[in-house]
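Written out below as structure tokens is the structure these notes cover.
What follows is calculated from the coordinates using simple rules that are stated; it is not laboratory data. The structure displayed is predicted, hence computed values, not measured ones. Please note: Cβ atoms are built from the backbone with ideal geometry, for glycine as well, and neighbour counts cover all protein chains shown.
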Amino acid sequence: MKTETKLKISTLFIVILLLGSPFFLQAQNNYVESLAGPDFTLPMQFISGGSFKMGSPKTELGHFGDESPQHIVTVNDFWIGQFEITWDLYNLFVSRELDAQQKIKSSDSEVQIDVDAVSGATTPYVEMSFGMGIDNFPAICMTQLAAVKFCEWLSAMTGHFYRLPTEAEWEYACRAGSESAYSFGEDIGQLSEFAWYAENSNDKYQKVGTKKPNAWGLYDMHGNVAEWTLDQYIPTAYGARTNGVNNPLEAGEKVYPKTVRGGSWMDKPNRLRSAARRPSSKQWKKRDPQIPKSKWWHTDAPFVGFRVVRPLITPTEEEQKKYWKYESTQ
């Protein structure tokens, strides 16, 4: 047999092995994370990494200066929550009733920490849904620290590594291959088909997944509740980047401002655009009567929630801690 033929056969054999491997199959598939049975589940959507144009042109209707200049960004493969985290799941983290049911760790587990080592949120002094609904409604009012610690808790419970999305990952997932103001195009007349916002929300958030998803199967990326990202909010960050930057993250120790994306049930259409950015603020705790003010809750931010990400390439244990650390007082 000729050497060239042998090489072709060997290459084909390797490809077949890779295609049949559990890792490859898992990487290409969506899955549902389950906590303590079928009652508490988290559908995760696989997003193939790639390059996209981040930000918006000055000609885009509703454009803000912090969305410029547009630049090419590349992100790696990841899974992202199909829906925003709901109260059904978030209250499990607050109550910690399921901690004893964490999955047994093995050498294959992405995360080795014990759930007892994860800091827990305090019970809020008021009912934080403000009567807008709990069952299958998005969790709101948590600080970025609380969202980060939920991710750590979820990781400890499941053995899979979860964190908040970076701004770049969030926008890439929201755009779903589009370069328009919204994932579905430029026509604001279609917005009500995909989003809950000021004009159709009846002054409250709505159940997740009740509008159309974007082209990649993600719900409520526009509206319902705005969503935390990992990034420090730096209005001039894009100007410091060069085209082709890989997996950008504006890391920072400052508690405020962090970046929130997607717009909410309280917002006008321009705040729901794929490129729109918003900084968090100390004013989101203005009515908190506690001294010191809670580091877990934003009493004045009933418009903020989050969804989670699981990167295909699991970071080292040391890197995992960096994503979860945010221990400063909020």
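Are there any GluC sites (Glu not before Pro) in region 54-163 that are in a DSSP loop and have at most 12 other Cβ atoms within 10 Å? List them by number.
Taking region 54-163 and a limit of 12 other Cβ atoms within 10 Å, the loop GluC sites (Glu not before Pro) found are GLU97, GLU127.
Which whole-Hz couplings ³J(HN,Hα) result when phi for each residue of region 229-244 is put into the Karplus expression 6.51 cos²θ - 1.76 cosθ + 1.60, θ = phi - 60°, listed in order with x for Gly and Pro?
Those phi angles translate into 10, 6, 6, 5, 7, 10, x, 9, 4, 5, x, 8, 9, 10, 4, x Hz.
If you compute Rg/Rh (Cα atoms, Kirkwood Rh) for the structure shown, which of (i) 0.97; (ii) 1.15; (iii) 0.99 do you land on?
(iii)
With Kirkwood's inverse mean 1/r over C-alpha pairs for Rh, give me the Rg to Rh ratio of region 117-240, two decimals please.
A ratio of 0.98.
For SER129, SER155, what ranking results if the residue with the fewest other Cβ atoms within 10 Å of its Cβ goes first?
SER129, SER155
Taking the Cβ of each residue in GLU227, GLU193 as the centre, tally the other Cβ atoms inside 10 Å and list the residues starting with the fewest.
Fewest-to-most ranking of GLU227, GLU193: GLU193, GLU227.
Could you compute the net charge surrounding ALA251? Neighbours are other residues with a C-beta less than 9 Å from the C-beta of ALA251; K and R count +1, D and E count -1.
Within the 9 Å Cβ shell, the charges total -2.
Subtracting the Cα-Cα distance from 0.36 nm times the residue separation, let me have the gained length for PHE130 to ILE291 in nm, one decimal.
Additional length available on full extension: 55.8 nm.
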